[in-house]
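Everything on this sheet refers to the single structure shown next.
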Amino acid sequence: MPELPDVEYFRRFLADRAAGALIERVVTTDPAILRNATDGALDAAVRGHRLEEPERHGKWLLAWTTGPAVLVHFGMTGRLLWAPGPAGRHRHDRVIFQTDRGELRYRNMRKLGGVWLAHDRDEARRLLAPLGPDALHASARTFRAALGRRRGQVKAALMNQSVVAGVGNLAADEALWQARIHPLRRLEDLTEEERRRLERSVRRVLRTWVDRFHDLPPGWLLSVRGPGARCPRCGTELRRTVAGGRTTFFCPSCQTYTRA
């Protein structure tokens, strides 16, 4: 599933390939992927506008134009592609922006996520209002305050997009492992030092992942994460559990937790 670093990659991809391109037509091959507009309304709204510098908030991509914005969520299988023309289109290319430079294609096999239309910045803010602060750009105080308002298991809270936006299953596992915090610990039981350690760990993981997108550092949990793997730090065999409804790997030696 695309996580914040993946969406940041798509944001940079869109900025490099398409910023300044004039939208000549929007072809929607599967109107069900549009969540708040018809295919005709989307085409009419953005046709004739140029793509501007895109933004990202958590796992959401905001493709701004000189008029409206197109908000994209990638779900589990979404991605962006660029092509010089219509040749080679795929049956899972759900929305195709034809421009004076080429085609920007939103491909999504399983059709989770989708595309939203925001006519102006106020509407875009309303669409994103349920999200918490961006996990990469929030200040340390904002991040800790967002977690401080929650109770329950720490990993579930980290992945709750209304708490902090952008942390997915893999990033949560890595950050908790680096911070030496068990994924099933309860937020209200964390010490202030553990909260500071967790905040620093989440931001470090996301920054590093963004900067080294295709080449994550050796020695991370993600470099071995899976059944039968051993902790890169102490060599203990990793254990598997479920946290926040997601498969979770942790080190029982580095991430201890004694239930009351």
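The values are calculated or read from the model by the stated rules, or taken from the named source; none is laboratory data. Treat the numbers as computed from the prediction; the structure is a model and nothing was measured. Cβ sites come from the backbone with ideal geometry, for glycine too, and all protein chains shown count toward neighbours. To get the accessible areas, we keep the full protein, side chains included, count just its heavy atoms, and leave off ligands, DNA and RNA. Shrake-Rupley method; radii C 1.70, N 1.55, O 1.52, S 1.80 Å.
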For the condition β-branched (Val, Ile, Thr), within 19 Å of Pro133 (Cα to Cα), open to solvent by 10 Å² or more (accessible area, probe 1.4 Å) and touching a Leu at 6+ places or on another chain (Cβ under 8 Å), what is the one hit in Val210, Val224, Val154? Val210
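Could you identify the single residue in Leu238, Leu216 that is open to solvent by 20 Å² or more (accessible area, probe 1.4 Å) and hydrophobic (A, V, I, L, M, F, W, C)? Walk me through how you get there before you give the answer.
Working: Leu238 fails: open to solvent by 20 Å² or more (accessible area, probe 1.4 Å).
Leu216 is the lone residue from the list that is open to solvent by 20 Å² or more (accessible area, probe 1.4 Å) and hydrophobic (A, V, I, L, M, F, W, C).
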When the residues of segment 178-194 are narrowed to those that are part of a helix (DSSP H, G or I) and touching a residue at least 12 places away in the same chain (Cβ under 8 Å), which ends up farthest from Arg151 (Cα to Cα)? Gln178
Could you grab the pairs with beta carbons closer than 7 Å, sequence gap of 6+ or different chains, first residue in segment 202-216 and free of Cβ contacts under 8 Å to residues at least 24 places away in the same chain, second one in a helix (DSSP H, G or I) and not aliphatic (A, V, I, L, M)? Leu216/Trp209; Leu216/Ser223
Do any strands (runs of 3 or more DSSP E) entirely within segment 1-65 hold 2 or more residues that are under 21 Å from Val210 (Cβ atoms), and if so, which? 55-57, 60-64
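Restricting to segment 38-71, and then to whatever is in contact with a helix residue (DSSP H, G or I) (Cβ under 8 Å, 6 or more places away or on another chain) and β-branched (Val, Ile, Thr), can you tell me which residue is surrounded by the most Cβ atoms within 10 Å (Cβ to Cβ)? Step through it out loud before you land on a result.
Pass one, segment 38-71, residues in contact with a helix residue (DSSP H, G or I) (Cβ under 8 Å, 6 or more places away or on another chain): 38-39, 51, 53-63, 65, 67-71.
Those still in the list that are β-branched (Val, Ile, Thr) too: 38, 65, 70.
Working: Thr38: 12, Thr65: 20, Val70: 27.
Residue satisfying both the conditions and the ranking: Val70.
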